[in-house]
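Worksheet: one structure, shown below.
The values are calculated or read from the model by the stated rules, or taken from the named source; none is laboratory data. What you are looking at is a predicted structure, and each value in this text was computed from that prediction instead of being measured. Using ideal geometry, Cβ is built from the backbone for each residue, glycine included, and neighbour counts are taken over all protein chains shown. Please note that ligands, DNA and RNA were not included when accessible areas were found on the heavy atoms of the full protein model with its side chains. Shrake-Rupley method; radii C 1.70, N 1.55, O 1.52, S 1.80 Å.
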Amino acid sequence: MRKLIMARRSLLALAVAATAAATLTPVASASPHGLPEVITAKAQDLFPEGIAWDPLRRSFLVTSISEGTISVVRPDGRVRPFAAHPRMVQTFGVHVDAVRNRVLVAYGDMGSGRRSTPETTWKSSGVGIFSLSTGRLLHLVGLAVGPGRHAANDLAIDRAGNAYVTDPASDTLYRIDPQGRPAVLVRDPKLGATGIGMNGIVWHPEGFLLSTRYDTGALLRIPLDDPRRITEVRLDRPLAGGDGLDLRQDGTLAVVTNAFGGNGKVAVSVLEADRDWTAARAVHRVEPWADSQPTTIARTPHGSYVLDGRMGVWLEGQGKAESFTLRRL
């Protein structure tokens, strides 16, 4: 048993080191051949929406709007289960906190999951926290606070281990501390929408959050020392359909936009901003993106990868997909 524990600790130390290398090493210096440019993952009707890099397994973790699970995707496209819980009807954004040996996933029920019911639709909402090394559940944190609809969608993690969770169906932004205790960070009409509002989110080391408004294309700046002082970043063009975000090593922000909501564009944009992120402009834009249904993006030691989980196929009721795509930006 002692040898097993020591082996697990060694693996975790390697994972932490790999995460640090990915954070501190510019993407340009990473080997472009460490992962295939395009990974075609084979999985029947999984329909992933969120993606994260798993440094322990040197693979990806993806979620599922059909099954409400987390799966491992190997660089060769093989897929296997990682974690699940009966209360997670649909899973969305996922992030790895390798320093604390955790995987955090936002879950909800927008009524389109395989296990959706009237009792859970727009009511089940929260974050599942699992052990990175074993997949064992550590905490299941419910976040359906207040009246109206709720469905947690994405999250960001700061240096101290606090998680910040969006709920596009409501006007609420949550914080979960490293011990798994939830609190409302801020409630504000600027975050709410009749459809899908505040969506993707990242933590900036200067002490604020950046988040997209899916419906309007706004990019919001939320200072953590005064979360009620929400401002809109001035953009050269709106980010309608703004979904997943990646704050890159060089300080730019990659934004995935899609057209599930009607007025969005299928594109991946890279924004450059002033120091305080009061204004930003696109310095690189791929439109249309090579895959027609992208949702989000994850950074790896070998570049950032955009996920197309064929989500529109499931939402349109066609219900069949044998594969999905991870493509390097």
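Quick one: accessible area per residue over region 103-259, 1.4 Å probe, rounded to a whole number of Å²?
Accessible surface, normalised per residue, equals 38 Å².
Going by average Cβ density within 10 Å per residue, which order do the peptides 100-109, 121-130, 170-179 take, highest to lowest?
Going from most to least packed, we get 100-109, 121-130, 170-179.
Whole number please: convex hull volume per residue of the Cα set in region 117-179, in Å³?
Value for region 117-179: 96 Å³ per residue.
Across region 107-232, what fraction of all alpha-carbon pairs, as a whole percent, falls in each successive 10 Å bin from zero upward?
Computed distribution, short to long bins: 13, 45, 33, 9, 0.
In vacuum, with every alpha carbon of region 51-91 counted as one equal point scatterer, what does the Debye formula give for log10 I(q)/I(0) at q = 0.14 Å⁻¹? Two decimals, please.
-0.29
Using a 1.4 Å probe over the heavy atoms of the protein chains, calculate the carbon and sulfur portion of the accessible area of the chain as a whole percent.
Carbon and sulfur: 53 percent of the exposed surface of the chain.
Only one of the listed values, (1) -0.54, -0.83; (2) -0.21, -0.60; (3) -0.18, -0.51, was derived from the coordinates as log10 I(q)/I(0) by the Debye sum over Cα atoms at q = 0.06, 0.10 Å⁻¹; which label is it?
The calculated read-out lines up with (3).
First obtain the Kirkwood hydrodynamic radius of region 290-329 from its Cα pairs, then insert it into the Stokes-Einstein equation at 10 °C and 1.306 mPa s, and state the resulting D in µm² per second as a whole number.
147 µm²/s
What does the highest-first list of 236-249, 213-226 look like by mean Cβ count within 10 Å? Kindly include the intermediate steps, with their values, before the conclusion.
Numbers: 236-249: 20.8, 213-226: 19.2.
Order by mean packing, descending: 236-249, 213-226.
Mind giving me the nanometre distance, one decimal, between the label points for residue 119 and residue 250, set 7 Å out from Cα along Cα→Cβ?
Each label point lies 7 Å from its Cα, and together they span 5.2 nm.
Please report, to one decimal in angstroms, the Kirkwood hydrodynamic radius of region 190-329 built from all distinct Cα-Cα pairs.
15.4 Å
From the Cα gyration tensor of region 65-124, with a ≥ b ≥ c the square roots of its eigenvalues, which class applies: rounded if a/c is under 1.5, or else prolate if a/b is larger than b/c, or else oblate? Write out the running numbers ahead of the final one.
Values: a/c = 2.89, a/b = 1.62, b/c = 1.78.
It is oblate, given that a/c is not under 1.5 and a/b is not larger than b/c.
Sort 253-265, 299-311, 59-71 by packing, meaning the average of other beta carbons within 10 Å per residue, with the highest value first. If you can, show how the numbers build up before the last one.
Working: 253-265: 20.2, 299-311: 22.5, 59-71: 24.9.
Taking the mean over residues of other Cβ atoms within 10 Å, the ranking is 59-71, 299-311, 253-265.
Across the chain, how many lysine pairs, 8 or more apart or on two chains, come within less than 30 Å at their alpha-carbon atoms?
7
Restricting attention to the alpha-carbon atoms of region 247-329, what are Rg (one decimal) and Dmax (integer), both in Å?
Rg, Dmax (Cα atoms, Å): 14.2, 45.
I'd like to know how region 80-166 sits against the 2.2 N^0.38 Å rule of thumb: what's its Cα Rg over that expected value? Let's see the in-between values first.
On the way: Rg = 12.8 Å, N = 87, 2.2 N^0.38 = 12.0 Å.
Taking the Cα Rg and dividing by 2.2 N^0.38 Å, one obtains 1.06.
Return a whole-number percent for the relative contact order of region 181-329, with Cα pairs under 8 Å and 6 or more residues apart as the contact set.
14 percent
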